[in-house]
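Each remark here refers to the structure printed beneath this line.
The values are calculated or read from the model by the stated rules, or taken from the named source; none is laboratory data. Being a predicted model, the structure only gives us computed values, none of them experimental. Methodologically, a virtual Cβ is constructed for each residue, glycine included, from the backbone with ideal geometry; neighbour enumeration extends over all protein chains shown.
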Amino acid sequence: MTVAPASSATRSLRRRVLGRSRDQAKQERAVLILHDVTKQYPNGKLALRDVDLVIPEGDFVFLVGPSGAGKSTLIKLLIRDEVATRGAVVLDGQDVARLGRRQVPKMRRKIGIIFQDFKLLPSKTVYENVAFALEVTGTPRRKIRPAVDRVLALRPKDPDGLFLKGLLLYQKEDWQGAVDVWTVYLDVGEFHPAAPMVRTLFQTAKNNIGR
């Protein structure tokens, strides 16, 4: 994984960010600071060790590295899905580990993340999956239905729901089931806007059959 090397400047910047005034914040602003961050899982696996990273506001950053380098773990630390074993993660001036449980959802709204899986709830319908995000963020019930209807109106037509059926099976790692559903989907929906993505996922599922 590629990160900025540890330095005294990193430590100094962290102290200034956490203790600065509003006027100072306007002149010097880092949206993300990792200071001496180590993450070790209960099974003994060391995912990150002594990571120092500073990302100033407005920077465009790529985090690259081979599988197992700790990229996903670092992202989980940013959204408080995991907590560092040692060190500090400071996001937008807030020490993430010190946030109260009720503050975490509010903090997460500052971050946009595309997850590797689809975060769908298999026990809920498409409508309920979309509505659920609004419900848990406290949206008034009277506003949920119109909002969900607007989103679903943008969805390309798939009368048999094959696209989403395949996604749910893929999420559950039912590779053969996903392949069977998407075989039919691609036969009848070759020009569907989601077809290129489905072809990629289809091939991945096909490769995983029998593993």
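Quick notes on this one:
- Residue count, the stretch 166-198 (criterion: over 27 Å from the mean Cα position of the chain (by Cα), farther than 20 Å from Val126 by Cα and at pLDDT below 85): 5
- The numbered conditions (1) modelled with pLDDT of 90 or more; (2) surrounded by 15 or more Cβ atoms within 10 Å (Cβ to Cβ); (3) of a type outside the set (Lys, Arg); (4) within 22 Å of the chain's Cα centre (by Cα) are all true for Leu201 except (1).
- Of the candidates Ile55, Ile75, Ile33, the single residue that is β-branched (Val, Ile, Thr), touching a helix residue (DSSP H, G or I) at 6+ places or on another chain (Cβ under 7 Å) and modelled with pLDDT of 55 or more is Ile33.
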